[in-house]
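Take a look at the structure set out below.
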Amino acid sequence: MRSLLLFLAFCLLVVLMAAGELKRSYDDAYARTSIRLQNNALLVGEWVKGVFQTSDYLLRDVAANFPPSELRLGRTSAQQQRRWVHWLDAKLQTLPYAQGLSLFDPACIRRYTHDARVQSYFDASEWDYCRLLRERPTAESVVTPMVMSNLGRYAVTQARRIPGPGAMGSGFVVIGLDTTMFSTLLDRIDTGSDGVITLIDSQLQVVARKPALAGVVGKSLDSPMIRAFIDGNVDVSVGRRVSQLDGQPQLGVLRKVEGLPLIVYQGEHDQVWLRDWYARIWKIGLAALLLMIVAALLLRGYWVQLALALRLEQDIVQRQRLEDELKASEKKFRTFVEQAHDIIYTLDLQGCFQYVSPNWRDRLGTDPASVVGQHYTSLVHPDDWPVWLSSLPGKTSGIEYRVRHADGSWRWHTSSLTPLFDEQQRPSGILGVTRDISLRNAHELALRQARDAAQAANRELQLVNAQLSNLATTDTLTGAWNRRHFEQELQRELIQSQRYAEPLSLLMFDIDHFKAVNDRYGHPVGDTVLVGLTRLVQRNLRAADTLARWGGEEFVIMMPHCDADEAVGLADKLRALLALQTFETVGQVTASFGVTQCRPEDSPQSWLKRADLALYQAKAEGRNAVRLLA
């Protein structure tokens, strides 16, 4: 055992050392890669800032050389306006990837644009660049998140304030930068075979990505993590994540571009930055396995030598041990018999006890010596003599009988009997082993009584459940199905009808002027009319038809395998029978019927509504009538 513990401790030490080395190498790879990605993200961010600095130089030039007075309405001739348009277009041509260049007055109204084909006047009060200039009166220039331009291309807008009095100065100049410029910029950066660079704006829209993916530019990311990073105070975030764009696990760096609503994401797929670490797992794992195999072989050799030594020692002491065991065998047997829980006894062929074990006194309260020589009939209950006698000739187990206790009570015992033979194999007696099972029998009796009580309670519970089920599905007054049960049956039959294209009709009716009956004769008489009507209708329905009380004096009948014509015939028959029926106290009453057949596109609600409309037509056209609404 000690050698096994040492082996297990060695294996545990090898595993811990391997795990520690793998953890250290993983941390090194993580640190190296994150530093490299942070440097690349910083470089991309500086390049992006350089792009906006270049465009800002153009905006500064326009703001410095354009007379603010020209932005006032009605101060410029048409010839002068064309000159300024050409001037703006010439400025725009100096900056690649620029989509548009426009001048706005302090009220955010566009007065000039580079394209003579576009109407100059445009109200930009609700656009981001106008809103940001108003919200930041001290800011000389602002950059907005990416938007879709009038030319149908994505662009990022930059605006610069023209110095002058007032919160908005003398106006401002706006330039739109095509996002393909950022894609071209990212293409110049070496990201390796599986590296990723993504430029995201503050609205979580993808501005550019390398490698490019179809339809990814302009896509909005649903990432609470990136949103929290944008709203937080940190400028750089490093971590592992699964890309929403290509679904690959990556180690990535998020870096905010200073002063701009843009974020640079630089990532590298796990299969790349962890390639060396994966190889190291195999190497370290193989080395650890070899060490444990060597240790196991050494342990096995030690155990073989130890087994040989033990076998030699066993051979030396075996003879002495056998001699000692032979001497102790008789003593052990006698002790076993004396201390056994079961009573051991022998009988002669006449049924008299020849030997009983000492524990007879503990179990039955009688001195074992006084039992020897007695016949079994003096101790066994007379009713159990036949069972005992039938078991004597041969080997038997599990016979149960009662034995007299010294206090006069009877104790239940179970015995196993085995025939004894002399040297000539002639029967010489019976060996028996008996055990007191009185407590077990008492427990079995209690268990049977408890089981009988539980079965009786279960039968009573089933009866109550049946009554509750009947109350839950049946109208207590009329005995017809209630509305809840009918709605369940209607749903099932509707599905069956629509699946197998079988006809299914619905008949809805109520008693005409029933309120007058209740008001004149009282509700108990009205209840008698409802019960009588239910009995009349039930006698004239098929077994497959379902009658339910829908509410008050209103009833519904669902008729499977029955088309509209057959349903109208049944409704007219019921109407006529009811008109001829005489009710006690009330006399005769009439009813109006609405009939409709299920359509393939029907829902339970639309079908019931159509039946109700048919009933309404019957009521509106004089009552005591049947109306079909196909």
Looking for whichever is crowded, with 21+ Cβ neighbours inside 10 Å and at pLDDT below 90 here; the options are ALA139, ALA124, ALA155. Which one fits?
ALA155
Filter region 148-207 for residues that are in a strand (DSSP E or B) and acidic (Asp, Glu); which is farthest from the chain's Cα centre (by Cα)?
ASP178
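Yes or no, residue by residue, for (1) within 15 Å of PRO67 (Cα to Cα); (2) in a strand (DSSP E or B); (3) within 57 Å of the chain's Cα centre (by Cα):
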{"residue": "TRP84", "(1), (2), (3)": "yes, no, no"}
{"residue": "ALA90", "(1), (2), (3)": "no, no, no"}
{"residue": "GLY100", "(1), (2), (3)": "no, yes, yes"}
{"residue": "ASP115", "(1), (2), (3)": "no, no, no"}
{"residue": "SER120", "(1), (2), (3)": "no, no, no"}
Is it the case that region 190-204 has a residue that's under 26 Å from ALA64 (Cα atoms), of a type in the set (Asp, Glu) and in contact with a Pro (Cβ under 9 Å, 6 or more places away or on another chain)?
no
Within region 169-189, restricting to residues that are hydrophobic (A, V, I, L, M, F, W, C) and modelled with pLDDT under 85, the one that is farthest from VAL62 (Cα to Cα) is ILE189
Got at least one residue in region 547-560 being closer than 28 Å to ARG520 by Cβ, open to solvent by 30 Å² or more (accessible area, probe 1.4 Å), touching a residue at least 40 places away in the same chain (Cβ under 8 Å) and part of a helix (DSSP H, G or I)?
no
Checking the conditions here, which among VAL595, VAL626, VAL589 is surrounded by 15 or more Cβ atoms within 10 Å (Cβ to Cβ), without any contact (Cβ under 8 Å) to a residue 60 or more places away in the chain and in contact with a strand residue (DSSP E or B) (Cβ under 6 Å, 6 or more places away or on another chain)?
VAL626
I'm told ALA41 meets every condition in (1) more than 40 Å from the chain's Cα centre (by Cα); (2) closer than 19 Å to ASP235 by Cβ; (3) open to solvent by less than 40 Å² (accessible area, probe 1.4 Å) except one. Can you identify the failing condition by its number?
(1)
State which residue is modelled with the lowest pLDDT when the search covers only region 320-342 and only residues that are part of a helix (DSSP H, G or I) and among the aliphatic types (A, V, I, L, M).
VAL337
Out of ASP201, ASP194, report the one residue that is surrounded by 14 or more Cβ atoms within 10 Å (Cβ to Cβ) and in contact with a His (Cβ under 6 Å, 6 or more places away or on another chain).
ASP194
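Give ASP572, ASP527, ASP565 a once-over and let me know the one that is part of a helix (DSSP H, G or I), among the acidic types (Asp, Glu) and free of Cβ contacts under 8 Å to residues at least 24 places away in the same chain.
On the way: ASP572 fails: free of Cβ contacts under 8 Å to residues at least 24 places away in the same chain; ASP527 fails: free of Cβ contacts under 8 Å to residues at least 24 places away in the same chain.
Unique residue meeting the criteria: ASP565.
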Which residue, of ALA279, ALA228, ALA307, is under 30 Å from LEU5 (Cβ atoms) and part of a helix (DSSP H, G or I)?
ALA307
Pairing a residue in region 296-325 that is within 29 Å of LEU12 (Cα to Cα) and touching a residue at least 60 places away in the same chain (Cβ under 8 Å) with any residue that is surrounded by 10 or more Cβ atoms within 10 Å (Cβ to Cβ) and of a type in the set (Phe, Trp, Tyr), where Cβ atoms lie under 6 Å and the two sit 6 or more apart in sequence or on different chains, gives LEU299/PHE7
Mind listing whichever residues of region 343-382 are in a strand (DSSP E or B), in contact (Cβ under 8 Å) with a residue 40 or more places away in the chain and either open to solvent by 50 Å² or more (accessible area, probe 1.4 Å) or in contact with an Asp or Glu (Cβ under 8 Å, 6 or more places away or on another chain) (or both)?
GLN354
If you scan region 122-147, which residues turn out to be in a loop (DSSP other than H, G, I, E, B), of a type outside the set (S, T, N, Q) and without any contact (Cβ under 8 Å) to a residue 60 or more places away in the chain?
ALA124, GLU126, TRP127, ARG136, PRO137, ALA139, GLU140
Can you name every one of the helices (runs of 4 or more DSSP H) wholly within region 410-521 that holds 1 or more residues which are open to solvent by 70 Å² or more (accessible area, probe 1.4 Å) and outside the structural domain of GLY551 (by the TED database)?
438-473
Only one of these is touching a His at 6+ places or on another chain (Cβ under 6 Å) and in the same structural domain as ILE197 (by the TED database): LEU59, LEU92. Name it.
LEU92
Going by the structure shown, is ARG241 more than 30 Å from ARG111 (Cα to Cα), open to solvent by 40 Å² or more (accessible area, probe 1.4 Å), free of Cβ contacts under 8 Å to residues at least 40 places away in the same chain and outside any helix (DSSP H, G or I)?
yes
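The values are calculated or read from the model by the stated rules, or taken from the named source; none is laboratory data. Here the structure is a predicted model, which is why all the values come from computation and not from measurement. Backbone-built Cβ (ideal geometry, glycine too); neighbour counts: all protein chains shown. Side chains are part of the model used for accessible areas, which takes the heavy atoms of the whole protein and leaves out ligands, DNA and RNA. Shrake-Rupley method; radii C 1.70, N 1.55, O 1.52, S 1.80 Å.
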